[in-house]
Amino acid sequence: MDIWTILIDWIQEVIMNIWIVVADSAKARVLSAEKPAGPLSEVASLEHPESRLRENELTSDQPGRAFDSGGQGRHAMGTAVEPKQHEVIKFAKEVADYLEAGRNARSFGKLYVIAAPGFLGHLRAHCPAPLTNSIADSINKNLVDRDIEEIRTHLPEFL
């Protein structure tokens, strides 16, 4: 084999490998297709059980209290982000970091994102530009608990 044959084989392998991430706020599944019209197989699963907890299970106590600046009154201090929302954002970053590591390792040439409506925006916000550029399409649906065959029906016939 000459160098050109090896290079062409490598390029085709990278370009042809397609990842599909299916996620919600507590679980992400990474699926792969070796060919644009090929079947899907699961290559990884990420879980974040903290996102499923109720608000009172995520906080240990009541918010602190502060004095009013112009008087004797006191009021509860708020938080910038609610604890449950913080866990969702944290998981979105974890998923984006995993996908970016896969992109850097050239594990895929094209990416499809299927995510629950409340999670897709957070995931997009944490995707760096090179990863965003590799996204072929995104679908705003929660299919994370569906079987692989059903997920495949929501994707283009030719990935």
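Bear in mind that the values in this text are calculations on the coordinates, not laboratory data. These figures come from a predicted structure and were not determined experimentally. Cβ placement follows ideal geometry from the backbone for every residue including glycine, while neighbour counts extend to all protein chains displayed.
When you count the other C-beta atoms within 10 angstrom of each residue and take the mean per peptide, 95-103, 139-147, 25-33 line up highest first as 25-33, 95-103, 139-147.
Taken over the alpha carbons of the range 94-158 as equal point scatterers, the Debye sum produces base-10 log I(q)/I(0) values at 0.13, 0.15, 0.24 Å⁻¹ of -0.36, -0.48, -1.15. Straight-line cross-link partners of K84 among the lysines, defined as a Cα under 20 Å from its Cα and at least 8 positions apart when in the same chain: K27, K93.
Of the options A92, N104, N142, report the single residue whose Cα projects farthest towards the positive end of the charge dipole of the range 75-159 (beta-carbon charges: Lys, Arg +1; Asp, Glu -1). So the residue furthest toward the plus end is N104. Taking amide H as placed 1.01 Å from N in the peptide plane, the amide H of I139 sits under 5 Å from that of V113, I114, A115, each at least 5 places away or on another chain. Converting phi to 3J(HN,Hα) with the Karplus coefficients 6.51, -1.76 and 1.60 and the offset θ = phi - 60°, the range 113-127 yields 10, 10, 9, 4, x, x, 9, 4, x, 5, 5, 4, 5, 9, 7 Hz in sequence order, with x at every glycine or proline.
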